[in-house]
Structures are given as structure tokens and as C-alpha cells.
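Notes for the one structure printed next.
What follows is calculated from the coordinates using simple rules that are stated; it is not laboratory data. Nothing here was measured: the structure is a model prediction, and the numbers come from that model. Counting neighbours? That spans all protein chains shown, and the Cβs are built from the backbone with ideal geometry, glycine included.
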Amino acid sequence: MYAVIHAGGKQYKVEAGNRIRVERIESNAGDKVEITAVSLLKNDSGDLLLGTPWIDGARVLASVLRHTQGDKIRIFKKKRRKQFKRTTGHRQQYTELRIEQIEAGQ
């Protein structure tokens with residue numbers, strides 16, 4: 001069984017036991033998280049459920065493993081002949097989840 005979930009503005013294809021890295025979720029390590037934004041679900045018998053946009057009653061249960069940061073990216077802006085230069089950076093905050101269970105709910 002697998003599902004397509006939405007978390008942090010992105011879509012992830014998940015199965016039970018997978019580990020995924022999503023944008024930061026406000027919870028502590030070891031907490032259980034319920035994701036109800038499930039747009040596609042395929043069970044073991046091959047039935048495919050599509051949501052418009054979400055499947056009613058479907059949910060994915062996951063546990064928070066840890067919080068991490070991504071690699072630092074550099075942003076450099078320059079305008080020629082204007083003596084303008086600016087360098088900034090960014091590190092994205094991530095949460096690592098382990099998918100425990102997928103429930104169809106219908």
C-alpha cells in the first residue's frame with residue numbers, strides 16, 4: 001500500500017516504513033504526527049483512490065525522528081557599474097519522519 005501526501009507545499013509518495021524529510025513541523029522528536037492531506041491511495045489489492053483534492057477519512061501516521069538543517073545556499077546579487085553587491089545565505093529547516101501506518105478510512 002502506498003499514498004501520495006502533501007506536506008510543506010510538496011508531494012511525497014510514501015509507504016509504511018519509509019523515512020522522508022519534509023519542511024519543518026512544529027513538534028518534538030518522538031512525537032506522533034497525523035497527515036490528513038492524502039491525494040492518492042493504492043491498496044494491496046490494486047484499488048486506486050483519488051481525492052478531489054483530498055481523500056475523505058484517509059490519513060498517514062508518522063513519528064518524528066529528528067529535526068535537521070539543509071545545506072547552506074549562497075545568494076549573490078550584483079548590478080554592474082553601480083557598486084552594488086549583496087551576499088546572503090539560507091539554511092532550510094527540515095523534519096525527518098518515519099511513516100508508521102497508512103489508513104484508507106473508507
Options Arg74, Arg21: the member that is part of a strand (DSSP E or B), among the charged types (D, E, K, R) and over 13 Å from the mean Cα position of the chain (by Cα) | Arg74
Some residue of segment 75-88 being surrounded by 11 or more Cβ atoms within 10 Å (Cβ to Cβ) and not acidic (Asp, Glu) = no
Do you know which of the residues in segment 36-49 that are part of a strand (DSSP E or B), surrounded by 11 or more Cβ atoms within 10 Å (Cβ to Cβ) and not small (Gly, Ala, Ser) is farthest from the chain's Cα centre (by Cα)?
-> Leu49
Considering residues of segment 4-18 that are free of Cβ contacts under 8 Å to residues at least 60 places away in the same chain and loosely packed, with under 11 Cβ neighbours inside 10 Å only, the residue farthest from the chain's Cα centre (by Cα) | Gly9
Give me a count of the residues in segment 51-69 that are more than 18 Å from Tyr94 (Cα to Cα) and surrounded by 17 or more Cβ atoms within 10 Å (Cβ to Cβ).
-> 4
